[in-house]
Amino acid sequence: MKLNWSDVTPKHLWLNRRNFIAGGAALAASPALALSGRPSPFSTSEKPNTLEEITNYNNFYEFGTGKTDPAKNAGAMTTDPWSVEIGGLVDRPGSYGVEDLAPDNALEERIYRLRCVEAWSMVIPWIGVPLASVLEKVGVQSGAKYVAFQTLLRPEEMSGQRFPSIRWPYVEGLRLDEAMHPLTILATGLYSDPLPNQNGAPIRLVVPWKYGFKSIKSIVRITLTDQQPPTSWNELQPSEYGFYANVNPNVSHPRWSQATERRIGAGLFGGREETLMFNGYADQVASLYSGMDLAQNY
Amino acid sequence: MARKINDMLRRLPVWAVWIAGLIPLALLIWDTLQGNLGVDPVAMLEHRLGRTAIYFLIGGLAVTPLLRLTGISLMKFRRALGLLCFTYAGLHVLAWISTDMGFLWAQMGRDILKRPYLLFGMLAFVMLVPLAITSNNLSIRRLGGLKWKRLHMLVYAAAPLAALHWIWVKKTLPLTPVAWMAVILALLLVRAVLKRSKSAGRKNPAKNTQVKSAT
């Protein structure tokens, strides 16, 4: 069975329907409407934040700079129809649907830590596919060294884009080996639901060893190139946001010490915990940067 | 008009301003206990205290320009406004130390020196401390009016520093704190301009008496 995003009944409707059709029939129907992914050995055993926390505390400047602005304003974004243009140094360039890139039978659950450069953190149960699987599908040519990403530009639906707080559209990029790393995923779901708009619907990047801003949301374009692509935050303030943006407690941002972090949901007196190198993923990714001076290439 | 308002204000006791000024704190305590502070209560608590402190700082700063421009005198309430500002600023710093930084003293020390926004904020707060301590009649008498007045000019530096602290913590140029910075600078400008016209207005006896009655 192939579901389009338009076929997915909004949760509040099916919850109502469940109240209406009492009992077993509705329970049998609900798995088809939800998203599910195979558990992954890459998942952390730490306790995920609640859906309420994850969906009401977002940085998505296209909908405003406040943490609660995205939840308030992102509903205006149309996510169906949606297509991702994949081009540049690839064998099969073209326009791909979300279902083509992340088919239901390939979905995995990845429970990852997320570390924001503002020195707070969460644990988030994403559902998605490795970015490598998508790049293999389109055939990466041998000259490609970087992957560039671009977010939707639609100021009439994205109220924050009417202000030049950063340069629109939002762009990000990875080195090809970072993009091909098994930890790097394209997410289409959160818990057992399709991604809410404020979290980057319908498809977003997740790179768990880098600060959150590297994980670009609501992707419309992926370009393979041989040049290091520009990235939005780096363009705005290069001294504060490097191209790599690896979580590194030893390299402090001019405004936020990166030595410690505050876990969202820990309560008023939860205190701080120490930030781990590469957000705790050092065993898997440190080798990508061997020989590099991470204080220079931050 | 101004006289009517001043008559009304004269009947308003200072403790009423204190009560009104503590309402935001009562609401904040209520919201904290009810769990109404959103997903990140630590940041919300800290930010609401900081914002309220700046509003009272601006309120205190507006008293003299208001008097000179309109003749309406809130002079009687200025000490309360200043002390309310200090109360909220102190709680803001306390929230930062306890809930945000979790008493990591070494990291706090390094952070203050390294991060301009923390340095600006801390400087502003440190400047407010002697003002709060000397906000009583005994101190005015001990220091003498002129010395006391000079000391309290520190607020002209503390206010823009506090606003800069608010602006600088954001990742992009934020509208709200920039607007409040503009208000602070406008209030300081009005003060400077009116002071100059005061000395220039010596030749104009009518204007002079007006200013005199205002001070």
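Per residue, what accessible area does the protein assembly as shown have, given a 1.4 Å probe and all protein chains present, in Å²?
Dividing the accessible area of the protein assembly as shown by its residue count gives 48 Å².
Place +1 on the Cβ of every Lys and Arg and -1 on the Cβ of every Asp and Glu in the protein assembly as shown, take the dipole about the Cα centre, and give the residue among A:181, B:104, A:201 whose Cα lies farthest towards its positive end.
Of the options given, the answer is B:104.
Rounded, prolate or oblate, given the Cα gyration tensor of region A:148-298, with a/c below 1.5 counting as rounded?
Since a/c stays below 1.5, the shape of region A:148-298 is classed as rounded.
What is the ratio of the Cα radius of gyration of region B:50-133 to 2.2 N^0.38 Å, where N is its residue count, to two decimals?
In units of the 2.2 N^0.38 Å rule of thumb, it is 1.30.
In sequence order, what are the phi-derived ³J(HN,Hα) couplings for region B:167-176 according to the Karplus relation 6.51 cos²θ - 1.76 cosθ + 1.60 with θ = phi - 60°, rounded to whole Hz, with x for glycine and proline?
5, 6, 6, 7, 7, 10, 5, x, 6, 4
Any idea what the relative contact order of chain A is, in percent, if you count C-alpha pairs under 8 Å spaced at least 6 apart?
Once normalised by length, the contact order is 19 percent.
Rounded if a/c is under 1.5, else prolate if a/b beats b/c, else oblate: with a ≥ b ≥ c from the C-alpha gyration tensor eigenvalues square-rooted, which is region B:79-205?
oblate
At 0.36 nm per residue, and after removing the present C-alpha to C-alpha distance, how many nm does the segment from residue B:148 to residue B:6 gain when stretched out fully?
Taking residue B:148 through residue B:6 to full extension adds about 48.5 nm, to one decimal.
Whole-Hz Karplus ³J(HN,Hα) for region A:178-185, in order, using 6.51 cos²θ - 1.76 cosθ + 1.60 and θ = phi - 60°, x for Gly and Pro?
5, 5, 7, 5, x, 6, 7, 10
How many percent of the accessible area of the protein assembly as shown is carbon or sulfur, using a 1.4 Å probe?
Solvent-exposed carbon and sulfur of the protein assembly as shown make up 61 percent of the total.
So, with +1 on the Cβ of K and R and -1 on the Cβ of D and E, and no other charges, what is the size of the charge dipole of chain A about its Cα centre, to the nearest 20 debye?
Computed charge dipole of chain A: roughly 460 debye.
Translational diffusion coefficient of the protein assembly as shown at 20 °C, 1.002 mPa s, Stokes-Einstein with Kirkwood Rh over Cα pairs, in µm²/s as a whole number.
My calculation gives 82 µm²/s for D.
For region A:275-298 and region B:5-44, write down the distance between their C-alpha centroids in whole Å.
If we compute the Cα centre of each part, the gap is 47 Å.
Quick one: which of B:76/B:170; A:137/A:214; B:4/B:147; B:4/B:195 span more than 32 angstrom between C-alpha atoms?
Checking Cα-Cα distances, B:76/B:170; B:4/B:147 exceed 32 Å.
Do any residues of region B:59-107 lose at least 10 Å² of accessible area when the full set of protein chains is present rather than just their chain alone, and if so which, with a 1.4 Å probe?
B:98, B:99, B:100, B:101, B:102, B:104, B:107
What does the average come to when, for each residue of peptide B:33-40, you count the partner chain Cβ atoms lying within 10 Å of its Cβ?
The mean count of partner-chain Cβ atoms within 10 Å per residue comes to 4.
Lys/Arg Cβ at +1, Asp/Glu Cβ at -1, dipole of the protein assembly as shown taken about the Cα centre: which of A:251, B:9, B:131 is farthest positive-ward?
B:9
What does the C-alpha gyration tensor say about the overall shape of region A:180-269? Classify as rounded when a/c is under 1.5, otherwise prolate if a/b is larger than b/c, or oblate.
Verdict is oblate for region A:180-269.
Roughly how big is the B-A contact, given as buried accessible area in Å² (both sides, 1.4 Å probe, nearest 100)?
Buried area (both sides, nearest 100 Å²): 2100 Å².
Under the definition of partner shielding as Cβ atoms of other protein chains within 10 Å of a residue Cβ, what is the mean value for peptide B:169-177?
5
Projecting each Cα onto the charge dipole of region A:40-188 (Lys/Arg +1, Asp/Glu -1 at the beta carbon, about the Cα centre), which of A:56, A:70, A:170 comes out farthest on the positive side?
In region A:40-188, that residue is A:170.
Using a simple charge model, +1 on the beta-carbon of Lys and Arg, -1 on the beta-carbon of Asp and Glu, nothing else, what dipole does the protein assembly as shown show about its Cα centre, in debye to the nearest 20?
Magnitude of the dipole: close to 4500 debye.
Suppose we keep just the alpha-carbon trace of chain A; what are its Rg and Dmax in angstrom?
19.0, 62
Give me the distance between the Cα centres of region B:59-75 and region B:90-163, rounded to whole Å.
24
Straight-line reach only, C-alpha to C-alpha below 17 angstrom: list the aspartates and glutamates that residue A:210 could link to, leaving out same-chain residues fewer than 8 apart.
A:118, A:172, A:177, A:178, A:240, A:261, A:274, A:283, A:293
At 10 °C and a viscosity of 1.306 mPa s, what translational diffusion coefficient does Stokes-Einstein give for chain B, taking Rh as the Kirkwood radius over Cα pairs? Give it in µm²/s as a whole number.
84
When ranked by the protection proxy of mean other Cβ atoms within 10 Å per residue, highest first, what sequence do the peptides A:66-72, A:283-289, A:227-233 form?
Packing order, densest peptide first, comes out as A:66-72, A:227-233, A:283-289.
How much FRET efficiency would the formula 1/(1 + (r/R0)^6) give for residue B:185 and residue A:95, where r is the Cβ-Cβ distance and R0 is 51 Å, rounded to 0.05?
0.50
At a threshold of 8 angstrom on Cα-Cα distance, excluding pairs fewer than six apart, so keeping six or more, what relative contact order does chain B reach in percent?
Dividing the mean separation by the residue count of chain B yields 20 percent.
Average partner chain C-beta neighbours within 10 Å, per residue of A:261-272?
5
The values are calculated or read from the model by the stated rules, or taken from the named source; none is laboratory data. All of these numbers come straight from a predicted model, not from anything done at the bench. So basically every Cβ, Gly included, is an ideal-geometry build from the backbone, and we count neighbours across all protein chains shown. Heads up: the accessible areas ignore ligands, DNA and RNA and are worked out on the full protein's heavy atoms, side chains in. Shrake-Rupley method; radii C 1.70, N 1.55, O 1.52, S 1.80 Å.
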